1. Could you list all residues from region 186-215 that are closer than 26 Å to residue 248 by Cβ and small (Gly, Ala, Ser)?
2. Quick one: which residue in 208, 215 is within 20 Å of the chain's Cα centre (by Cα) and of a type outside the set (Gly, Ala, Ser)?
3. Name the single residue that is farthest from the ligand (Cβ to nearest atom) among those in region 59-87 being of a type outside the set (D, E, K, R), more than 17 Å from residue 139 (Cβ to Cβ) and outside any helix (DSSP H, G or I).
4. All but one of (1) within 29 Å of the chain's Cα centre (by Cα); (2) surrounded by fewer than 11 Cβ atoms within 10 Å (Cβ to Cβ); (3) not β-branched (Val, Ile, Thr) hold for residue 240; which doesn't?
5. Would you check if there is a residue in region 154-176 being away from the ligand (no atom under 15 Å from the Cβ) and touching a residue at least 40 places away in the same chain (Cβ under 8 Å)?
6. Would it be correct to say that residue 47 is of a type in the set (Ser, Thr, Tyr) and either touching a residue at least 40 places away in the same chain (Cβ under 8 Å) or over 25 Å from residue 22 (Cβ atoms) (or both)?
7. Being more than 24 Å from residue 102 (Cα to Cα) and polar (S, T, N, Q) is the filter here, so list the residues in region 31-63 that pass it.
8. Name the residue, out of 146, 90, that is assigned by TED's automatic domain parsing to the domain that holds residue 13, in contact with a Pro (Cβ under 9 Å, 6 or more places away or on another chain) and within 16 Å of the ligand (Cβ to nearest atom).
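The values are calculated or read from the model by the stated rules, or taken from the named source; none is laboratory data. Since the structure is predicted, the reported quantities are computational estimates derived from the model, not experimental observations. Note that each Cβ is placed from the backbone with ideal geometry, even for glycine, and that neighbours are counted across all protein chains shown.
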Amino acid sequence: MKKIGFIGAGNMGGALAAAVSRTENSVFVCCAHKENAEALAAKIGATATTVENIIDVCDLVFLGVKPQTLPDLARSVKPLIEKRKDRICLVSMAAGVTCSRLAALFGDCKIIRIMPNTPVSIGEGVILYCLTQSAAEYEDLLCDALSMAGTLHKIDEAIIDAATAVSGCGPAFVYMFIDALADGGVKCGLAREKAQLLAAQTLIGAAKLCIESDKQPSELRDEVCSPGGSTLRGVAALEQGDLNGIVISAVEAAYKRTRELSGE
Ligand SMILES: NC(=O)c1ccc[n+]([C@@H]2O[C@H](COP(=O)([O-])OP(=O)(O)OC[C@H]3O[C@@H](n4cnc5c(N)ncnc54)[C@H](OP(=O)(O)O)[C@@H]3O)[C@@H](O)[C@H]2O)c1
């Protein structure tokens with residue numbers, strides 16, 4: 001059982017802390033406002049504490065503050081980290097902040113960079129991660145700590161922005177598709193609530209089949225399209241509206257903006 005700390009436990013840090021609290025590890029949280037940390041700790045069975053105590057006792061320390069707060073945080077904690085640099089590993093979830101930038105801020109210590117997406121809050125997230133060489137010994141602990149948050153994917157930092165445009169931004173694109181699928185159902189006479197449930201559940205099933213079968217998405221699509229049938233008419237309408245092109249443009253636009261934000 002290891003000690004896992006969260007400095008900053010709002011939307012994303014809080015969701016990850018909740019997932020870690022469902023493992024064998026002990027969780028320590030702190031926020032800018034003590035009462036926020038206490039409320040979260042009571043809810044998930046963690047310990048609310050201070051930044052200093054987290055750095056003093058924890059093995060893995062997640063940085064869940066906003067990227068713009070990192071420099072101030074780094075200034076105040078760098079001397080404490082320096083003292084424990086061989087026994088602590090920092091895990092940053094800050095969008096667009098590279099491992100080298102983190103090393104410049106926090107000094108010569110072990111660093112892991114992750115990029116989670118919002119379904120981590122129900123244990124179905126995608127968590128991208130990349131390690132600095134010195135943090136390799138913490139990989140197993142990271143994977144164990146986040147095992148209840150979703151699936152982990154180790155990637156080269158050079159492609160993290162591209163992967164972020166798919167899995168980090170992707171949930172927003174998927175919700176838009178669910179909304180549109182449901183709107184279509186409502187237009188054809190379904191009640192909104194029923195249409196949304198059918199649309200969302202259809203995405204879950206189709207996505208699982210895509211992962212679990214050894215077929216390409218285009219083959220799976222063809223299996224739904226009988227010759228001269230209704231699905232084919234719908235597919236033709238999507239092709240006419242250039243669904244493929246629009247989605248590719250959305251991912252590319254998100255990728256470009258991620259690169260801009262990370263200053264690359
Ligand atoms: N939200 C997402 O979908 C998402 C996705 C991927 C990555 N991320 C990354 O996750 C990080 C957090 O984003 P978020 O959306 O979770 O932000 P958030 O909800 O605003 O949470 C920020 C947290 O940081 C705390 N905090 C601020 N200053 C602090 C300090 N000096 N010491 C300790 N705690 C401090 C806040 O405490 P109080 O609540 O008391 O103010 C709050 O708990 C960001 O780096 C973001 O890039 C977010």
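1. 199, 200, 205, 206, 207, 213
2. On the way: 215 fails: within 20 Å of the chain's Cα centre (by Cα).
Answer to the check: 208.
3. As a first pass, look at region 59-87 and keep what is of a type outside the set (D, E, K, R): 60-65, 67-71, 73-74, 76-77, 79-81.
Narrowing further to those that are more than 17 Å from residue 139 (Cβ to Cβ): 63-65, 67-71, 73-74, 76-77, 79-81.
Adding the requirement that they be outside any helix (DSSP H, G or I) leaves 63-65.
Working: 63: 7, 64: 5, 65: 4 Å.
Per the stated criteria, the residue is 63.
4. Among (1) within 29 Å of the chain's Cα centre (by Cα); (2) surrounded by fewer than 11 Cβ atoms within 10 Å (Cβ to Cβ); (3) not β-branched (Val, Ile, Thr), the lone unmet condition for residue 240 is (1).
5. yes
6. Working: of a type in the set (Ser, Thr, Tyr): yes; either touching a residue at least 40 places away in the same chain (Cβ under 8 Å) or over 25 Å from residue 22 (Cβ atoms) (or both): no.
So residue 47 fails the test.
7. Selection gives 36, 47.
8. Details: 90 fails: in contact with a Pro (Cβ under 9 Å, 6 or more places away or on another chain).
Sole residue among the options that is assigned by TED's automatic domain parsing to the domain that holds residue 13, in contact with a Pro (Cβ under 9 Å, 6 or more places away or on another chain) and within 16 Å of the ligand (Cβ to nearest atom): 146.
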